[in-house]
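Beneath this line is the structure, given in structure tokens, with notes to follow.
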Amino acid sequence: ELLRFFNSRSTYLVLGAGAIHSAARLKSINAKHLAIVTQCIALVLAILPHIRAALMAQLPAKQHSLLNDLDKIKGDYSEHSEKILSKLVSIIGGIVEHSLAPKISQTDFDARAKNAIKLESTVDCCSFLESVITNTKKMHQVLNLMLPADLLQDVFSRIFAYLDHKVPSLFKNAVNLGKQHASTPLFSMPCTNEGKIRMIKEVELMAKTLNSLSGVHPWNFTAPKVLEQELDIRIKPPASDGVFDSSSETKSDEKKDVDGEDIVPVGSSDSTCRQIESSSENDLFVSEPGDSKSHRSESENVNPIPDMNDSSAFTEQPETESVGSNDGKSSRSSNDDGSGTEDGRCTLPESS
């Protein structure tokens with residue numbers, strides 16, 4: 001009965017917002033309160049098996065059926081925990097849909113792409129996507145300190161799944177909303193290739209930033225692919241780190257022709273080369289720190305480096321003595337038995 005009472009009372013006070021009208025007089029129920037209740041439920045679920053084992057050892061065999069109530073209580077607590085995790089996702093959902101979605105109408109990706117090219121600036125998110133990132137980070141700061149690792153990953157996997165589905169649909173809804181209501185500022189999908197690329201790159205940046213949060217399980221965001229289909233454009237994914245794409249064109253002055261063989265300059269080996277994908281919006285790509293190697297200038301005279309796999313390149317060869325003199329005359333060396341060499345020919349002593 002104590003376990004049932006705690007579960008029902010905590011459900012009423014937090015999920016039912018009863019704490020706002022109770023003696024606590026809370027102004028609102030926030031993520032911190034939900035995290036505290038989640039910790040309490042996790043504690044009870046952790047000790048329930050030990051309580052059951054202790055009672056089983058004390059009760060007679062005929063009364064073991066009474067322990068079935070503990071199994072039901074465990075199910076009630078698990079259901080309560082599931083509702084709290086869903087409530088955390090709904091908090092982000094309410095902020096995104098009601099507070100942040102109106103900012104989409106103020107966004108023009110064609111103009112953002114044009115201005116970025118003029119200013120030679122890197123990619124930054126529009127006000128809508130930036131606000132999504134900011135609010136998600138705020139919740140992460142609260143939950144990261146209060147939830148265990150498994151629950152933290154569970155919560156943010158649900159939040160990322162929601163954002164992955166909702167962000168593209170909000171862009172589409174903004175287009176339809178502008179057509180239906182003349183009073184609403186008109187939002188339209190980008191028309192130019194630069195604007196389309198800009199929109200997709202900003203969504204990719206949002207996904208990358210969210211996946212970089214500590215303690216979360218990286219989510220495979222499909223929102224950029226959905227927008228590619230919606231905008232009817234295909235962006236080639238960048239090459240992975242440490243992989244050189246042989247299909248990419250190289251500049252003619254990056255290689256030197258020696259005896260009909262192409263020699264790749266030092267510092268451009270397969271393990272260190274990375275393809276920098278070219279597009280109509282090169283100025284908008286973000287260069288990751290530490291991701292590229294320093295390259296020598298073309299004017300610098302580079303000495304060839306021996307092959308690390310060739311042991312002979314690092315083995316000191318013994319010096320050989322010259323047999324003949326430099327002036328072309330033959331040299332003669334005699335032995336104790338009278339044998340010698342003359343003009344490169346071996347002579348034997350006469351037999352007796």
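Just so you know, all these numbers are worked out from the coordinates, no wet-lab data involved. Source: prediction; values computed, not measured. Heads up, the Cβs are rebuilt from the backbone with ideal geometry, glycines too, and the neighbour counts pull from every protein chain shown.
Some notes on this structure:
- Checking the cross-link pairs K103/K166; K103/K138; K32/K172 against a 25 Å limit on the alpha carbon distance flags K32/K172 as lying beyond it.
- Taken one residue at a time, the phi angles of the stretch 201-208 give Karplus couplings (6.51, -1.76, 1.60, θ = phi - 60°) of 5, 5, 5, 5, 5, 4, 5, 5 Hz. Gly and Pro are set to x.
- Peptide ranges 87-97, 151-161 listed from the most packed, as the mean C-beta count within 10 angstrom indicates: 151-161, 87-97
- Taking 4 °C and 1.567 mPa s as conditions, the stretch 147-218 diffuses translationally at an estimated 90 µm²/s according to Stokes-Einstein applied to its Kirkwood radius (Cα pairs).
- Ratio of Rg to Rh for the stretch 1-79: 1.10 [Cα atoms; Kirkwood radius as inverse mean 1/r over pairs].
- Rg and Dmax of the stretch 59-111, both derived from C-alpha coordinates alone, stand at 23.5, 78 Å.
- If the chain linking K138 and A24 were pulled fully straight, counting 0.36 nm for each residue of separation and taking away their Cα-Cα distance, it would gain 38.6 nm.
- Expressed in Å, the radius of gyration and Dmax of the Cα atoms of the stretch 47-135 are 26.8, 83.
- When both the stretch 116-172 and the stretch 37-71 are represented by their alpha-carbon centers, they are found 40 Å apart.
- Rg/Rh for the stretch 1-155, where both radii come from Cα atoms and Rh is the Kirkwood radius: 1.19
- Mean projected area of the convex hull spanned by the Cα atoms of the stretch 82-241, taken over all viewing directions: 10.8 nm².
- Using a Förster distance of 41 Å, the FRET efficiency for K225-R4 (Cβ separation, nearest 0.05): 0.30
- Coupling constants for the stretch 10-17 follow from the phi torsions by the Karplus curve (6.51 cos²θ - 1.76 cosθ + 1.60, θ = phi - 60°), and in residue order they are 5, 5, 5, 6, 9, 5, x, 6 Hz; glycine and proline get x.
- I91-A57 FRET efficiency (beta carbon distance; Förster radius 45 Å; 0.05 resolution): 0.55
- Pairwise FRET efficiency - T122 versus S188, Cβ, R0 = 25 Å, nearest 0.05: 0.50
- Order by protection proxy (mean Cβ within 10 Å, highest first), peptides 64-74, 28-38: 28-38, 64-74
- Three principal axis extents describe the C-alpha atoms of the stretch 85-161; from largest down they are 47, 25, 18 Å.
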